[in-house]
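A.B. asks: Structure in C-alpha cells, see below.
The values are calculated or read from the model by the stated rules, or taken from the named source; none is laboratory data. Remember, predicted model here, so these are calculated numbers, not experimental data. Here the Cβ is made from the backbone with ideal geometry for all residues, glycine too, and neighbour counts use every protein chain on show. Please note that ligands, DNA and RNA were not included when accessible areas were found on the heavy atoms of the full protein model with its side chains. Shrake-Rupley method; radii C 1.70, N 1.55, O 1.52, S 1.80 Å.
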Amino acid sequence: MSDRLHEIGEARSYAGGATVRVVRAGWFRPDAGGFFGVVPRALWGPLAETDERGRLRCRLNLLLVEAGGKRILVETGTGPRMTDKDRDIKGVEGGDPAAALRAVGEDPASIDFVVVSHLHYDHAGGMIGADGRPAFRNARYVVQRDEAEAAHGDELRLQGIMEVEQLDAVRAAGQLAEVNGEVELVEGVRVLRTGGHTRGSQALLIGVDNPGGRAGDPTERAIFWGDLIPTRWQVPVRWTSAYDDYPIDAVEIRSELVPRAAAEGWWCYFSHDPGPMPVRIEATEKGGFRAAS
Ligand SMILES: [Zn+2]
C-alpha cells in the first residue's frame with residue numbers, strides 16, 4: 001500500500017463466495033499513550049513510530065464486501081463534519097467515506113448495507129454527509145442495539161464521545177437496522193457483537209461458522225475486528241487500549257476469538273492498521289499471539 005489518501009486493494013475471495021477489498025479512507029493520528037493504554041512504551045515503542053506531538057499515524061480503513069448480490073460497506077470513517085480544530089488535534093486527513101468510494105470509482109448509492117462497528121467518531125462520523133443526511137441513501141445501517149442504547153444512555157464516561165447525531169439522523173430517515181448479537185446479513189457474512197471496546201462493539205465474520213460450530217474447515221475465512229484489535233500491533237490479548245470502555249470484557253472476548261482465529265487461519269482486517277492486509281495470526285513460543293509477518 002502506498003501513502004495515497006484514498007485507495008482500494010485487490011479483491012480477495014472467501015468461503016461462501018464473498019469478496020473483500022480494503023478501502024483506505026484517509027489518515028488520522030491517535031495519541032500513542034491512549035492508543036496503547038496500559039502497555040508500556042518500552043514494549044510498543046519498537047513497533048510504531050510517533051510524530052512530534054506523540055501521535056501514531058494510522059489509517060481509516062473501510063471494507064467493501066460483496067456477497068449474495070449485495071454490497072456491504074464496513075465503517076464510515078470520520079465523515080466531513082469535524083471542526084478544523086478537531087481535525088488538527090486528531091490529525092485527520094480525508095475521512096469522508098463517500099469521497100473515498102468515489103475516488104476509487106465506486107458509487108455510494110450502490111451500497112446496500114453499512115456496518116458500523118461502534119459509534120466512536122472515527123467509525124461512525126461518516127454515517128451522514130455534510131448536509132446532515134445519511135451519506136448512503138440506499139443502505140440500511142447495521143448497529144448493535146446495545147451500542148445504540150449506550151449512545152443515549154446516562155453513563156458519564158460516554159457523554160460526548162458517541163456519534164448520537166449521526167445515529168439519530170439515520171434512524172429518522174428509516175435506515176437504521178438495530179441488531180442484537182450474532183446476525184447474518186447475507187449468506188456467509190455476519191456481524192458478531194463483541195463488546196469490550198464499547199458496550200455494543202461488533203466484528204464482521206466472513207465465511208466463519210457459528211461459534212460452537214464445526215472447526216477445521218480448510219476453506220478461507222476472514223474477520224474484521226473493529227477496534228477490538230485496531231492494528232496488528234495489538235494482537236496480544238492483554239494489550240488493552242485506554243479507549244477500551246470495558247477492558248476486562250475486551251481481554252475476555254479477545255482470549256476467546258484470537259486463539260480460534262490463529263487455529264483456523266482466519267484472515268484478519270484491522271480498522272486502523274497502516275500496513276498491507278489481510279494478515280493471519282500465529283501463536284508465539286511463549287503461548288501468546290502475534291500477527292504473522
Ligand atoms: Zn477507532
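A.B. asks: Is it the case, given these coordinates, that Gly226 is surrounded by fewer than 16 Cβ atoms within 10 Å (Cβ to Cβ) and either within 15 Å of the ligand (Cβ to nearest atom) or among the small types (Gly, Ala, Ser) (or both)?
C.D. replies: It is false that Gly226 is surrounded by fewer than 16 Cβ atoms within 10 Å (Cβ to Cβ) and either within 15 Å of the ligand (Cβ to nearest atom) or among the small types (Gly, Ala, Ser) (or both).
A.B. asks: Out of (1) in contact (Cβ under 8 Å) with a residue 40 or more places away in the chain; (2) touching a helix residue (DSSP H, G or I) at 6+ places or on another chain (Cβ under 8 Å), the odd one out for Ala32 is which?
C.D. replies: Unmet condition: (1).
A.B. asks: Can you name the condition, by its number, that Val143 falls short on among (1) more than 16 Å from the ligand (Cβ to nearest atom); (2) under 17 Å from Val74 (Cα atoms); (3) crowded, with 17+ Cβ neighbours inside 10 Å?
C.D. replies: The single condition Val143 does not satisfy is (1).
A.B. asks: Follow-up question, since we're still on this one. What are the pairs with Cβ atoms under 6 angstrom where one residue, in the range 81-106, is more than 18 Å from Leu63 (Cα to Cα) and the other, located anywhere, is open to solvent by 30 Å² or more (accessible area, probe 1.4 Å) and of a type outside the set (Gly, Ala, Ser)? Sequence gap at least six, or different chains.
C.D. replies: If the second residue must be open to solvent by 30 Å² or more (accessible area, probe 1.4 Å) and of a type outside the set (Gly, Ala, Ser), the pairs left are Gly91/Arg29.
A.B. asks: Can you list residue pairs whose Cβ atoms sit under 6 Å apart, with the first residue in the range 236-247 being within 15 Å of the ligand (Cβ to nearest atom) and the second being open to solvent by 20 Å² or more (accessible area, probe 1.4 Å) and assigned to a loop (DSSP other than H, G, I, E, B)? Count only pairs 6 or more apart in sequence or on different chains.
C.D. replies: Listed by first residue and then by second, the contacts come to Thr240/Gly37; Thr240/Val38; Ser241/Gly37; Ala242/Gly37.
A.B. asks: Could you check the range 251-293 for strands (runs of 3 or more DSSP E) lying wholly inside it with 2 or more residues that are away from the ligand (no atom under 16 Å from the Cβ) and either out of contact with any helix residue (DSSP H, G or I) (no Cβ under 6 Å at 6 or more places or on another chain) or modelled with pLDDT of 95 or more (or both)?
C.D. replies: Numbers: elements: 267-269, 281-283, 289-291.
Passing ranges, in order: 281-283, 289-291.
A.B. asks: Moving on. In the range 72-89, what residues are basic (Lys, Arg) and surrounded by fewer than 18 Cβ atoms within 10 Å (Cβ to Cβ)?
C.D. replies: Looking only at the range 72-89, we keep the residues that are basic (Lys, Arg), and these are 81, 85, 87.
Lys85, Arg87 - these are the residues of the range 72-89 that are basic (Lys, Arg) and surrounded by fewer than 18 Cβ atoms within 10 Å (Cβ to Cβ).
A.B. asks: For residues that are within 15 Å of the chain's Cα centre (by Cα) and either open to solvent by 40 Å² or more (accessible area, probe 1.4 Å) or of a type in the set (A, V, I, L, M) (or both), tally how many sit in the range 19-41.
C.D. replies: Matching residues across the range 19-41 total 5.
A.B. asks: How many residues does the range 115-140 contain that are closer than 14 Å to Gly77 by Cβ and either of a type in the set (Asp, Glu) or away from the ligand (no atom under 16 Å from the Cβ) (or both)? Working first, answer last.
C.D. replies: Initially, the range 115-140 is screened for residues closer than 14 Å to Gly77 by Cβ, giving 115-130, 135-136.
With the extra rule that they be either of a type in the set (Asp, Glu) or away from the ligand (no atom under 16 Å from the Cβ) (or both), the set shrinks to 122, 128-130, 135-136.
So the count comes out to 6.
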